[in-house]
Protein chains: 4
Amino acid sequence: MPSEKVLMRGSNVVGEAAVRAGCRYYFGYPITPQNELPEYLSGRLPEVGGTFIQGESEIASINMVLGAAAAGARTMTSSSSPGVSLKQEGITYLAGMELPAVIVNMMRGGPGLGNIAPSAADYFQATRGGGNGDYRTLTLAPAGCQELAELTFEAFDLADKYRTPVMLLGDGLMGQVMEPVVFPDYIDPETLPKKDYALDGAKGRGPRKIFSMYLGQQGELKDHNLKLQAKYDEITDKERRWETYKTDDADVIVVAYGTAARIAETAVDELREQGLKIGLFRPITLWPYPTPALRKLAQGRKIAVFELCLGQMVEDVMLSVGERAEIYFYGVPGGVIPTPAEVVEFLRSTSNGDGKVGRRIEL
Amino acid sequence: MPSEKVLMRGSNVVGEAAVRAGCRYYFGYPITPQNELPEYLSGRLPEVGGTFIQGESEIASINMVLGAAAAGARTMTSSSSPGVSLKQEGITYLAGMELPAVIVNMMRGGPGLGNIAPSAADYFQATRGGGNGDYRTLTLAPAGCQELAELTFEAFDLADKYRTPVMLLGDGLMGQVMEPVVFPDYIDPETLPKKDYALDGAKGRGPRKIFSMYLGQQGELKDHNLKLQAKYDEITDKERRWETYKTDDADVIVVAYGTAARIAETAVDELREQGLKIGLFRPITLWPYPTPALRKLAQGRKIAVFELCLGQMVEDVMLSVGERAEIYFYGVPGGVIPTPAEVVEFLRSTSNGDGKVGRRIEL
Amino acid sequence: MPSEKVLMRGSNVVGEAAVRAGCRYYFGYPITPQNELPEYLSGRLPEVGGTFIQGESEIASINMVLGAAAAGARTMTSSSSPGVSLKQEGITYLAGMELPAVIVNMMRGGPGLGNIAPSAADYFQATRGGGNGDYRTLTLAPAGCQELAELTFEAFDLADKYRTPVMLLGDGLMGQVMEPVVFPDYIDPETLPKKDYALDGAKGRGPRKIFSMYLGQQGELKDHNLKLQAKYDEITDKERRWETYKTDDADVIVVAYGTAARIAETAVDELREQGLKIGLFRPITLWPYPTPALRKLAQGRKIAVFELCLGQMVEDVMLSVGERAEIYFYGVPGGVIPTPAEVVEFLRSTSNGDGKVGRRIEL
Amino acid sequence: MPSEKVLMRGSNVVGEAAVRAGCRYYFGYPITPQNELPEYLSGRLPEVGGTFIQGESEIASINMVLGAAAAGARTMTSSSSPGVSLKQEGITYLAGMELPAVIVNMMRGGPGLGNIAPSAADYFQATRGGGNGDYRTLTLAPAGCQELAELTFEAFDLADKYRTPVMLLGDGLMGQVMEPVVFPDYIDPETLPKKDYALDGAKGRGPRKIFSMYLGQQGELKDHNLKLQAKYDEITDKERRWETYKTDDADVIVVAYGTAARIAETAVDELREQGLKIGLFRPITLWPYPTPALRKLAQGRKIAVFELCLGQMVEDVMLSVGERAEIYFYGVPGGVIPTPAEVVEFLRSTSNGDGKVGRRIEL
């Protein structure tokens, strides 16, 4: 039975959804602007017999996540941009060991310490992997509280299904927004399928090992890489997600995710009222990117990419669209949140092709 | 006066070139397969009055680099793949603070600990930034000892010129190769231009500050991001480097860097002997990628991308080539070094378009 | 209702007694020869809804203990000699903040890494405080499994009663011994008195602070020191414990604690059989030392101090006995466990005053 | 040729004396009230080709000291009370490995963070060893700038002579005092005797090992302990130091060290003017304690112990004096520096035996 509608802040929504998904182990180290999430879980997890630990550092925390995941638990960490940089070694370990975990990045301005305002400049880090080696992190980009609830919940399923770390990529604004939410039903972690790899005490069975080091001279690591690649190919086939909004007759399609997509949607509505045929393509998975859908949609239209950074997702748009459509880009960095009016100007300029706002991308 | 030709191992070449470039501060933490480099510098730096420190960890080391750079010194660290993952926070700090430093990654197999064999799966990490925020790391990919000497030497100039971290991206094989080298002349660090930002003791002048945190509410971080972007644009304009080999009449052009390019070159020679018109395009800067040169060259030919991983640089090839040419990819992961014969097969298959080796990339 | 008699290994006895005392939070880092204790608790604590954490290091662990204690919980850490050296800062913080906690040191040979054999060379560290400042750690020295159970159990009461860290000082041998034990009744931690200083969420009350830093210029730290001293005086008055064995008519009294006392007891029995009037004085609290009892008992006899080190407790014997009796010392360092026969020889030599084994202490 | 007299602050005196003693490697982490010392050395060491490193932490720093000592260099760290607590593991390692090093503790109030005012509550930690195992740290207690210079200088000789860590125990006041100093001559570290244990590169000789772990089953650690003990006995025989002041005819002898001794000396002068026969016994080595000298001097007089803490050295006085004299104690904790007038009252009260100030110690 789904819960009733409740009004809740975004950060708390993530925490509550994690608990309902059966997550009982959270490890993290504080950083603005996502401290509301660990604060929520520090109170909530003990209520359900779970464990909340503020580790000694970001690195301690991600490695505690690794340990809990190796023991078969649903587990999670969260941080914001520079804190997530510190977790890159842990994330590539999780990927190499094929361990499920959910990592939340409520992005802030960068590089370095930057500021504490909402930003979206960690797209490359999330989708290309800031860690070493051939690996991919399934990356989910919610655009509102209801989706925060659903994607957080689902992130745990996806992580378990594919034995892979999953990144939930939000920003400080999304963590602060209060919206009505209907949560999914509780999952009792005891009812989840047993994991046949979990290091849960070798009683009545042989020992197990989980590792990312393949030192054999017979191509063992290559085989492991090919196995991982097959998994990533399967994820790419099955898990691409996106949403379209008023795209059917659109001449111009704005591509944006997360907070930027919310601003873009308002801009689309405003331009529609003015009679312009504008639509929105919103990727929900950033990796795998919804390439085929965007490729198909782009044909014969103009594509306007709007990001809260100086241009990162635009590469995936280019890789998706190729020369099928003109691509324009408008980015706002530094934790500055543009008004819908600014995006309206960008989209109008894209529509006109006058180049007044944003820039044409050459491929 | 340039030095005479000497026979030297790749790792030592990097160390010696760093010393000649005026680097006097090395900080690092051991990891195979690059320990020969710190070993060399641990003996060499004291001879020239320099300082070699094995830090408590990779993170301690990169932050010591940050400190030395802030004090105005030429400084360097080195590691291999998982060790470089640990340095991502430090690198984004360097970028945000606009501090020059040289970071050497002698790549090994991944993800996670992987193995200690040569690999090239950290291309995304190096070129897209494993740290947070909008920043770019100038990435140099040498393909032999002479180039190791020259690019290491030049890396310090580039770092200083643009006040930016520079990544030297090699692999374990390159560190072990012994080849004759002619080194550039010594630079006396005392003769280098004074840095007007260096925190070198506020004697006879006002204090200085170096930071990456811009908390101001007037768009200070945005301004900083735009300033950084202007710098990255300038680097993109001026510093793209590449080499072509027998491309003039080529029907098929193989694109490869580093150790992969050496193998590819042998394959090209072999195929040329067999009468096939094959050439090699070798990017020397991975960021900025030599997009215009490759774009121009690709027109009307087939492009064969060969990487020692499951496909990362291929994205930059796609972004460069677009639909101007068919793109084929062949990657070998897991620290396995293919023979030239395997690459010959890939290139022959590409030439035939028979799809027997490698795969056609759809854009 | 007390438990029935069970046969159990010493390390497990400590763990089980801690659980029965209401301890629900254990934090530690592995070191031989005490790993059986954390191993036991890693399985046992979850059964009672408790939390077992292997911290990132000894320092992380002792500071997690500090955190749990500040939150009002019964909490514990354990280690062996060099690991306890790393905890000294944390212990002085606990003392300064007046937080209850139980610290187990299963001593091994030293200094430095030494070896992993049983030893007793950390007496000074435990009783004089290896941390900074005027503080004292209540130190309990069990000499068998039943006492391990009782003193561990009571350590939590003492820690709470006096708001002070309590050290349980054993050694590797004691952790390995298997003996029958009757455990005290379970304490439900929910039934323990609420701590009016605990940082347990300021609901319906004002905020609280716990700290060891007193920067005020009005002698605040001095006042705090005097308050602590008054507490230590009270502990000294009320909590001294010791045991005597066949001392009534003894000419020679051997003073020993822990494993050394067990060996000494066998030696006493053997010498009694031979007709010598030998007795044993066994301190159970090492701080506060049972000075008045020993002082009174020493009058007119010879005192033989036997330690598994080169002489540390002997200082407390000297401070207790003064010139009331001749004091002889015999110590065996380096994790070597002497046989009762060796101690017999020492005691016989002491009885004769022939100086063949051990040495006369001059005061 | 000795230097001319210069006026200098205590902290700088320590730094300058270290440089003159041939120390070229300083490693430390900042803490008030001793930051002037690392600040001085951060500028001074590079002038003489030395290395100053602010480590990542106190633990990193003491282990860097260990590394430099193992390589044969004269090396030093400094900190204040809680920072020294963190170094205890490193110090016991130095002792176990028989490595020379100088550790400066400019004591502040405790326990825990306490305050930043001068104190003397780390006497136990310094003289009994806060680390594990049977070891001793030669502890020097200077009482003025000239002695700071001389004892710092000599500390390096003692450390090398006995292959042992040496503690220089001062306090924040001593670091701030400005007094005229004549420094010893410079020692060129190149002229110091080569250390036949130093890990300085096994060129033309076999490899060496330095370790504190003796896992052999044939009593190897016991032998090592006995060897260490023989060294400590030799130090005890040869290196006890103290100073007496107006003790010849004294009825009451105040025992005090460091800053407390300076205050006591003023009090002695004042009481002498009033006609009381008071003298001062000032230990300069705290370990080994000048027991025989004090024992001899105490006979037939009253002993007044004055400490800037609640009573730690008083134990060594008791162990020295036994029942040969009445012992009175007066201690001021918490970083409060009493005036000479207060000490005058204590000494007058001791003289009268009226018990108004301080307390009689029972042995």
* Residues located in region D:71-87, provided they are open to solvent by 10 Å² or more (accessible area, probe 1.4 Å) and either over 18 Å from the mean Cα position of the chain (by Cα) or within 13 Å of chain C (Cβ to nearest Cβ) (or both) -> D:ALA71, D:GLY72, D:ALA73, D:LEU86
* Structure fact -> Those residues of region D:65-91 that are in contact with a helix residue (DSSP H, G or I) (Cβ under 9 Å, 6 or more places away or on another chain) and not in a strand (DSSP E or B) come to a total of 18
* Could you tell me whether region A:268-279 includes any residue that is open to solvent by less than 40 Å² (accessible area, probe 1.4 Å) and at positive phi? => no
* Only one residue in C:GLU265, C:GLU220 is surrounded by 13 or more Cβ atoms within 10 Å (Cβ to Cβ), at pLDDT 95 or above and assigned by TED's automatic domain parsing to the domain that holds C:PRO333, so which one is that? -> C:GLU265
* Count, please, the residues in region B:177-188 that happen to be open to solvent by less than 70 Å² (accessible area, probe 1.4 Å) and under 21 Å from B:VAL336 (Cα atoms). => 1
* Being within 13 Å of chain C (Cβ to nearest Cβ), of a type outside the set (A, V, I, L, M, F, W, C) and either under 20 Å from D:ALA267 (Cα atoms) or open to solvent by 10 Å² or more (accessible area, probe 1.4 Å) (or both) is the filter here, so list the residues in region D:300-323 that pass it. => D:GLU307, D:GLY311, D:GLU315, D:ASP316, D:GLU323
* To do: Filter region D:324-340 for residues that are at the interface with chain C (Cβ under 10 Å from one of its Cβ atoms) and either without any contact (Cβ under 8 Å) to a residue 12 or more places away in the chain or touching a Lys or Arg at 6+ places or on another chain (Cβ under 9 Å) (or both) and give the result.
  => D:ARG324, D:VAL332, D:PRO333, D:GLY334, D:GLY335, D:VAL336
* Asked: Take the residues of region A:189-209 that are within 20 Å of A:CYS23 (Cβ to Cβ) and either part of a loop (DSSP other than H, G, I, E, B) or in contact with a strand residue (DSSP E or B) (Cβ under 8 Å, 6 or more places away or on another chain) (or both): which is most open to solvent (accessible area, probe 1.4 Å)?
  -> A:LYS194
* Within the set of pairs 6+ apart or on separate chains, which have a first residue in region C:298-319 that is without any contact (Cβ under 8 Å) to a residue 40 or more places away in the chain, a second that is open to solvent by 10 Å² or more (accessible area, probe 1.4 Å) and in a loop (DSSP other than H, G, I, E, B), and C-beta atoms under 6 Å apart? -> C:GLN299/C:ARG324
* Structure fact -> The lone condition A:VAL357 fails out of (1) surrounded by fewer than 21 Cβ atoms within 10 Å (Cβ to Cβ); (2) touching a residue at least 40 places away in the same chain (Cβ under 8 Å) is (2)
* What are the residues in region D:287-315 that are among the β-branched types (Val, Ile, Thr) and touching a Leu at 6+ places or on another chain (Cβ under 9 Å), if any? -> D:THR291, D:ILE303
* To do: Tally the residues that are in contact (Cβ under 8 Å) with a residue 24 or more places away in the chain and open to solvent by 60 Å² or more (accessible area, probe 1.4 Å), restricting the search to region A:223-236.
  => 1
* Any residue at all in region C:320-340 that is at pLDDT 95 or above and under 21 Å from D:GLN312 (Cα atoms)? -> yes
* Asked: What number of residues within region C:344-363 satisfy the criterion of being within 13 Å of another protein chain (Cβ to nearest Cβ) and not in a loop (DSSP other than H, G, I, E, B)?
  -> 2
* Tell me, yes or no, whether region D:150-171 has at least one residue that is hydrophobic (A, V, I, L, M, F, W, C), part of a loop (DSSP other than H, G, I, E, B) and in contact with a Lys or Arg (Cβ under 7 Å, 6 or more places away or on another chain). => no
* To do: Taking A:ALA21 as the residue in question, decide whether it is away from chain B (no Cβ under 14 Å) and surrounded by fewer than 24 Cβ atoms within 10 Å (Cβ to Cβ).
  => no
* **Complete set of residues in region C:205-241 that are more than 10 Å from every other protein chain (Cβ to nearest Cβ) and of a type in the set (Ser, Thr, Tyr)** => C:THR236
* Taking region A:109-138 on its own, how many of its residues are more than 8 Å from every other protein chain (Cβ to nearest Cβ) and not in a loop (DSSP other than H, G, I, E, B)? -> 5
* Matching residues, region C:18-52, being more than 23 Å from the chain's Cα centre (by Cα) and in a strand (DSSP E or B) -> C:THR51
* Asked: Can you tell me which residue in region D:101-160 is farthest from the chain's Cα centre (by Cα), limited to those that are buried (at least 24 other Cβ atoms within 10 Å of the Cβ) and of a type in the set (Asp, Glu)?
  -> D:ASP134
* **Selection status of D:VAL268, within 30 Å of C:ARG136 (Cα to Cα) and either part of a helix (DSSP H, G or I) or out of contact with any His (no Cβ under 6 Å at 6 or more places or on another chain) (or both)** => no
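The values are calculated or read from the model by the stated rules, or taken from the named source; none is laboratory data. This is a predicted model, so every value here is computed, not measured. Positions of Cβ are backbone-derived with ideal geometry, glycine not excepted, and every protein chain shown enters the neighbour counts. Surface areas here come from the heavy atoms of the whole protein model, side chains and all, with no ligands, DNA or RNA. Shrake-Rupley method; radii C 1.70, N 1.55, O 1.52, S 1.80 Å.
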